[in-house]
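The values are calculated or read from the model by the stated rules, or taken from the named source; none is laboratory data. Everything numeric here is computed off the predicted structure, so don't read it as measured data. Cβ: placed from backbone, ideal geometry, glycine included. Neighbour counts: every protein chain shown.
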C-alpha cells in the first residue's frame, strides 16, 4: 500500500512540475473584420485590434501563413480579393493565430 502511495505522489509531483514549465507558444484572436486590415503582400503584415479599447497590432505574415474563408483553404491572392470585396465588414469574423516566439501569423480564418 505504501509503495502505491509513494508512486502516486511521485507521479503527481512530476506532472505538476511539467505543468509549471509549460509556456504559451501561440495566441488566437477573434476580431471583427472591421477591426482587421489584410496584408498587402504575402510577406507584409496584417493589423488588427484584439479588443475595442486595445491598441492596433501589426504582425508579419509569411509565405507559410495559411488563409481560409468559411473553412476552405485559399491562396493569398484569392483571400485578399475576397476580403477586400466584403461590404458588411461588421458581420464577418476573423480568427488570427499569432505565433508568439517568431512574432508571425500562422493562419487567418474569415467566417462570413
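Points to keep in mind about this one:
Residues checked against (1) at pLDDT 95 or above; (2) on the phi > 0 side of the Ramachandran plot; (3) surrounded by 15 or more Cβ atoms within 10 Å (Cβ to Cβ):
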residue: 32; (1), (2), (3): no, no, yes
residue: 46; (1), (2), (3): yes, no, yes
residue: 50; (1), (2), (3): no, no, yes
residue: 61; (1), (2), (3): yes, no, yes
residue: 69; (1), (2), (3): yes, no, yes
residue: 74; (1), (2), (3): yes, no, yes
residue: 88; (1), (2), (3): no, no, no
residue: 97; (1), (2), (3): yes, no, yes
residue: 101; (1), (2), (3): no, no, no
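- Enumeration of residues in region 23-41 that are part of a loop (DSSP other than H, G, I, E, B), free of Cβ contacts under 8 Å to residues at least 40 places away in the same chain and out of contact with any helix residue (DSSP H, G or I) (no Cβ under 9 Å at 6 or more places or on another chain): 23
- Strands (runs of 3 or more DSSP E) enclosed by region 42-112 - at least 3 residues per element that are over 14 Å from the mean Cα position of the chain (by Cα): 56-69, 72-74
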